[in-house]
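**Student:** First the structure, then my questions, so here it is.
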Amino acid sequence: MKYQEAYKLLSDGYRFDPQKEKKILNLKNERGWTIAHEQAKNGYRFDPVRDKDILMLKSINGETVAHVQASCGYRFDPIRDKEILMITDKKRQTVAHIQAKKGHFFDPVCDKGILMLADKEGWRVAHEQAKRGYIFDTLRDKGILMLSTYDGWAVAHQQAEEGYFFSPKKDKDILKLADKYGRTVAHIQARKGYIFDPVNDKEILTLKDKNNWTVAHVQAFYGYIFDPVKDKEILMLADNNGWTTAHIQVLRGKYAFDPVRDKKVLMQANKSGLTVAHFQAKNGYKFDPVRDKEILILANNDGYTVAHEQVLQGYFFDLVRDKDILKISDSTGETVAWQQIRNMRTEELRELKEEEIVNVLKHTANTKTGDTIAHMLIRKRRIKIKEIVPNHYKEIFMLTNNDAWTVAHEQVSVGYYFDPVKEREILMLKDKNGQSVAHIQASRGYIFDVEGDKEILELTNNDGVSVEEIRNEKIIEILINGNKDKK
């Protein structure tokens, strides 16, 4: 009989007798999977004494009939069938592993040798048993609890992973067991919700993995609040990236440290320069600009200060009292002042008194370019200066950036025209390239009068190009294409 013929008989419900039809049970397909494997998969139970040789039949990947029989719920006796339980497949997974996986547990006293069996990763039968909820006794079974995979993951790690908590008083040596990454059983226990006492269990809380991430970090990550007075030393513990327990406490628990009492804690920075205070501000805490100025000016490696973060979260510094804070810039040159105004709606800006708006517009928005807030507001929001500060507009239009580019240049560039009679002084303002406001106005399509605006038309930039030349070129362009610019 061929394999396929035998397989068809199995499918029809026939079961081959292991004594009379042994030869058929040995038939294999291309994967080395025998009819015996298939029969076991279909629920047949081979007798481990009488049919031992059949149970040891292996497929190409080393899976025996015994593996299949165990995976279908059969329980081999750890004394009588020990040899069968120790059979491995190509991954060195034993029949005992499969049996433990199905919830048939081995006794840690009588079957210790079986519990120690490991697959190619070092995963023991005991690991599998712990994973399925079996609790090994910390006194009687300590040796088993300390068994580990080749990565150092102990049975105790797995038992903690499943929610069993070891006592920091009685089981300290177990809690200190670490895998190759330095993760201790205590790290796992804290992750699963156990709270170690910062006074009595300080030694446990300071245990570190290879990244210097402590058990205290884990405990804070899952919501525990350490007291900034009693537990200050624990709050200052830092991992390899400079993240302290305090960082984690604020980040995860949204705890607010007192800026007077806990100033040292708030000033702790990670390797990116982000302080605990940055995260506290991110959570909505408002540091007082007078009392907490030292904290507000703390900057990360990109120059981004706590003050930048505070205005990002909706706080507004006083434009006069807090001018020193407002002029602070990050590595891109962006000031706190600009960040604050950018978060303000146009309607809110218009509601201020004119003198207050003038004060706002004069603030530097970007220290690298020298752009004022007036420059940036026009560029980003197309605000017309003359409308919001009608009594001080000339003063604002003359503000310059590092390239001597005035606010007037900026406003003309977005389509606003100045009157050559009333605002001639503004039109004659030049940037460092000698380009006047009038040059831009002419390029935008404004036709200056040849007679009345002669002084303006004679203005030249550093390349010798006059306003009149630009005017004439624009006239020709309009005659050919029509005027697309709107006044």
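**Student:** Looking at ILE440, ILE426, which one is within 15 Å of LYS386 (Cβ to Cβ) and either charged (D, E, K, R) or buried (at least 17 other Cβ atoms within 10 Å of the Cβ) (or both)?
**Tutor:** ILE426
**Student:** When the stretch 459-487 is examined, which residues are found to be assigned to a loop (DSSP other than H, G, I, E, B) and modelled with pLDDT under 95?
**Tutor:** Within the stretch 459-487, GLY482, ASN483, LYS484, ASP485, LYS486, LYS487 qualify.
**Student:** Just give me the residues in the stretch 389-402 being out of contact with any Ser or Thr (no Cβ under 8 Å at 6 or more places or on another chain) and either closer than 22 Å to GLY333 by Cβ or open to solvent by 20 Å² or more (accessible area, probe 1.4 Å) (or both), in sequence order.
**Tutor:** Correct list: PRO390, ASN391, HIS392, TYR393, LYS394, GLU395, ILE396.
**Student:** In this structure, does ALA178 turn out to be in contact with a Gly (Cβ under 7 Å, 6 or more places away or on another chain) and either open to solvent by 50 Å² or more (accessible area, probe 1.4 Å) or of a type outside the set (Ser, Thr, Tyr) (or both)?
**Tutor:** yes
**Student:** For the stretch 431-444, enumerate the residues that are under 17 Å from ASN401 (Cβ atoms) and within 48 Å of the chain's Cα centre (by Cα).
**Tutor:** Residues satisfying the conditions are ASP431, LYS432, ASN433, GLN435, VAL437, ILE440.
**Student:** I'd like the full set of residues that are open to solvent by less than 20 Å² (accessible area, probe 1.4 Å) and out of contact with any Leu (no Cβ under 9 Å at 6 or more places or on another chain), limited to the stretch 443-459.
**Tutor:** Correct list: GLY445, LEU457.
**Student:** Out of LYS384, LYS353, which single residue is surrounded by fewer than 16 Cβ atoms within 10 Å (Cβ to Cβ), in contact (Cβ under 8 Å) with a residue 12 or more places away in the chain and among the basic types (Lys, Arg)?
**Tutor:** Matching residue, one of LYS384, LYS353: LYS384.
**Student:** In addition: Which count do you get for residues in the stretch 277-294 that are more than 21 Å from ARG252 (Cα to Cα) and either acidic (Asp, Glu) or touching a Lys or Arg at 6+ places or on another chain (Cβ under 8 Å) (or both)?
**Tutor:** Count: 5.
**Student:** If you go through the stretch 441-458 one residue at a time, how many are part of a loop (DSSP other than H, G, I, E, B) and either without any contact (Cβ under 8 Å) to a residue 40 or more places away in the chain or in contact with a Phe, Trp or Tyr (Cβ under 8 Å, 6 or more places away or on another chain) (or both)?
**Tutor:** Residues meeting the conditions: 10.
**Student:** When only residues in the stretch 199-240 that are touching a Gly at 6+ places or on another chain (Cβ under 6 Å) and closer than 18 Å to ASN270 by Cβ count, which is surrounded by the fewest Cβ atoms within 10 Å (Cβ to Cβ)?
**Tutor:** LYS210
**Student:** When the residues of the stretch 325-350 are filtered to those that are of a type in the set (Lys, Arg) and farther than 13 Å from TYR315 by Cα, which remaining residue is surrounded by the most Cβ atoms within 10 Å (Cβ to Cβ)?
**Tutor:** Per the stated criteria, the residue is LYS327.
**Student:** Here's a follow-up. Hey, which of the helices (runs of 4 or more DSSP H) in the stretch 272-313, taking only ones fully inside, have at least 2 residues that are at pLDDT 95 or above, closer than 14 Å to ALA337 by Cβ and of a type outside the set (Lys, Arg)?
**Tutor:** Once the helices (runs of 4 or more DSSP H) in the stretch 272-313 are filtered for at least 2 residues that are at pLDDT 95 or above, closer than 14 Å to ALA337 by Cβ and of a type outside the set (Lys, Arg), what remains is 306-312.
The values are calculated or read from the model by the stated rules, or taken from the named source; none is laboratory data. Keep in mind it's a predicted model, so treat the numbers as computed, not measured. Virtual Cβ from ideal backbone geometry, glycine too; neighbours counted across all protein chains shown. We work out accessible area using only protein heavy atoms, side chains counted, and drop any ligands, DNA or RNA first. Shrake-Rupley method; radii C 1.70, N 1.55, O 1.52, S 1.80 Å.
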